[in-house]
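Take a look at the structure set out below.
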Amino acid sequence: MSPRAKLRLGDRIFTTSTVTAGVIILVALAAVAVFLIAQSIPALMADPAELKGSPSSFWEFVAPLAFGTVWAAFLALLMALPVSIGIALFISHYAPRRVAQTLGYIIDLLAAVPSVVFGLWGIKVLAPAVTPLYNWLVDNFGWFPLFTPPVSGTGRTVLTVAIVLAVMIIPIITAVTREVFLQTPTLHEEAALALGATRWEMIQMAVLPFGRPGMISAAMLGLGRALGETMVVAMVLSPALVISFVLTGSTNSPTIAGNIALNFPEAHGVGVNALIATGLILFAITFVINSIARVVINRRKAFSGAN
């Protein structure tokens, strides 16, 4: 028998299919990058006066958009990640089997709700409901830079958008982390309990360390959706081309995706290229964030393997 066994027809078909799928992904990613770069060049070379708001340069035009995108997504992830991990731990290690199954189905269904529904909820229900809270925050913590007066009278602020985005990404992060926690080796959990650890101590020693790479991956999936979300931002936020950290004010930094959705229908000439160029910036932001997450995960795996 030869050292290299002959592959069966099914193995060859499967190997060819997986390689082809991987190549298609790379080709599609490269095609998107080439398209964005090619269409962005006219905007980068154009007279800044042709851009919306008449900035002194393209980078002055895109800076508030990039800031608003990262700021809103960061706030959403900051609120969603602890809640998602708590729900995932409850489903995987605390809830009775029937309750865990029901809650799991609800989480999966919530992930399938269209973003326009969340946008309507945010603008019709959440924004009016949080306006008194914003007034209270500004009245009592107006000295803090994040709550500088004046307060928005409509509730359509970056904080409202972040809350809606957090609700949207909680199902994604929860679903992934739940599956990761369920994959924790039973022997690790039983060993911790046998040593006298409480259930929470067992989770700290066995479940969370094992699931940390999965939690990072889940957080990046949620962050990716928050970065690229369009409808919620376009419907809820009252944007202005400024860089502002204030959470409760009426002047808010727009996001790239929301700005494209609002302005693309009426854009023409260099304006279209400028919007595509901002899409290139969003592409780069997403790529950098996911690359950093991948490096962190790989280092964590290498550290775990060394131990």
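Looking at I256, I297, can you tell me which residue is of a type in the set (A, V, I, L, M, F, W, C), farther than 24 Å from A162 by Cα and open to solvent by less than 20 Å² (accessible area, probe 1.4 Å)?
The match here is I297.
Please give the number of the condition A100 fails out of (1) at pLDDT below 90; (2) under 30 Å from G214 (Cα atoms); (3) surrounded by fewer than 14 Cβ atoms within 10 Å (Cβ to Cβ).
Against the list (1) at pLDDT below 90; (2) under 30 Å from G214 (Cα atoms); (3) surrounded by fewer than 14 Cβ atoms within 10 Å (Cβ to Cβ), A100 comes up short only on (3).
Scan the stretch 30-48 for residues that are part of a helix (DSSP H, G or I) and either open to solvent by 80 Å² or more (accessible area, probe 1.4 Å) or not aliphatic (A, V, I, L, M) (or both) and report the count. So that I can check it myself, show each step before the final result.
Initially, the stretch 30-48 is screened for residues part of a helix (DSSP H, G or I), giving 30-45, 48.
After this cut, where a residue has to be either open to solvent by 80 Å² or more (accessible area, probe 1.4 Å) or not aliphatic (A, V, I, L, M) (or both) as well, the list is 34-35, 37, 39-42, 44-45, 48.
Count: 10.
From the list L221, L241, pick out the single residue that is of a type in the set (A, V, I, L, M, F, W, C) and part of a loop (DSSP other than H, G, I, E, B). Lay out the reasoning, then the answer.
Numbers: L221 fails: part of a loop (DSSP other than H, G, I, E, B).
Step by step, each of L221, L241 is checked, and only L241 is of a type in the set (A, V, I, L, M, F, W, C) and part of a loop (DSSP other than H, G, I, E, B).
Could you grab the pairs with beta carbons closer than 9 Å, sequence gap of 6+ or different chains, first residue in the stretch 116-128 and more than 12 Å from M231 (Cα to Cα), second one among the polar types (S, T, N, Q) and open to solvent by less than 20 Å² (accessible area, probe 1.4 Å)?
These pairs meet every condition: L126/T160; A127/S152; A127/T157; A127/T160.
Give the residues of the stretch 259-272 that are open to solvent by 50 Å² or more (accessible area, probe 1.4 Å) and under 10 Å from A234 (Cα atoms), sorted by residue number.
Of everything in the stretch 259-272, just one residue is open to solvent by 50 Å² or more (accessible area, probe 1.4 Å) and under 10 Å from A234 (Cα atoms), namely L262.
Give the residue that is surrounded by the fewest Cβ atoms within 10 Å (Cβ to Cβ), with candidates limited to residues of the stretch 154-163 that are out of contact with any Phe, Trp or Tyr (no Cβ under 9 Å at 6 or more places or on another chain) and not in a helix (DSSP H, G or I).
Per the criteria, the residue is T154.
Every residue, every condition in (1) among the polar types (S, T, N, Q); (2) in contact with a helix residue (DSSP H, G or I) (Cβ under 7 Å, 6 or more places away or on another chain); (3) touching a residue at least 40 places away in the same chain (Cβ under 8 Å), yes or no:
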| site | (1), (2), (3) |
| --- | --- |
| G86 | no, no, no |
| R97 | no, no, no |
| T102 | yes, no, no |
| A111 | no, yes, yes |
| G142 | no, no, no |
| V161 | no, yes, yes |
| V164 | no, yes, yes |
| Q183 | yes, no, no |
| T186 | yes, no, no |
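So that you can scan it fast, the table gives a plain yes or no per residue for (1) in a helix (DSSP H, G or I); (2) hydrophobic (A, V, I, L, M, F, W, C); (3) open to solvent by 40 Å² or more (accessible area, probe 1.4 Å); (4) under 24 Å from E229 (Cα atoms):
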residue: F90; (1), (2), (3), (4): yes, yes, yes, no
residue: V130; (1), (2), (3), (4): yes, yes, no, yes
residue: L137; (1), (2), (3), (4): yes, yes, no, no
residue: W143; (1), (2), (3), (4): no, yes, yes, no
residue: L165; (1), (2), (3), (4): yes, yes, no, yes
residue: E179; (1), (2), (3), (4): yes, no, yes, no
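How about the stretch 224-233: which of its residues are crowded, with 21+ Cβ neighbours inside 10 Å and part of a helix (DSSP H, G or I)?
A226, L227, V232, V233 - these are the residues of the stretch 224-233 that are crowded, with 21+ Cβ neighbours inside 10 Å and part of a helix (DSSP H, G or I).
Scanning the stretch 56-88 for residues that are crowded, with 17+ Cβ neighbours inside 10 Å and of a type in the set (V, I, T), which turns out farthest from W200 (Cα to Cα)?
V62
For the stretch 188-213, give me each residue that is in contact (Cβ under 8 Å) with a residue 40 or more places away in the chain and either open to solvent by 50 Å² or more (accessible area, probe 1.4 Å) or aromatic (F, W, Y) (or both).
Answer for the stretch 188-213, where residues must be in contact (Cβ under 8 Å) with a residue 40 or more places away in the chain and either open to solvent by 50 Å² or more (accessible area, probe 1.4 Å) or aromatic (F, W, Y) (or both): R199, R212.
The values are calculated or read from the model by the stated rules, or taken from the named source; none is laboratory data. Just so it is clear, the structure is predicted and the values come from calculations on it, not from any experiment. Reconstructed Cβ throughout: ideal geometry from the backbone, glycine too, with neighbour counts over all protein chains shown. Each accessible area value is taken on the protein alone, full model and side chains, heavy atoms only, with ligands, DNA and RNA left out. Shrake-Rupley method; radii C 1.70, N 1.55, O 1.52, S 1.80 Å.
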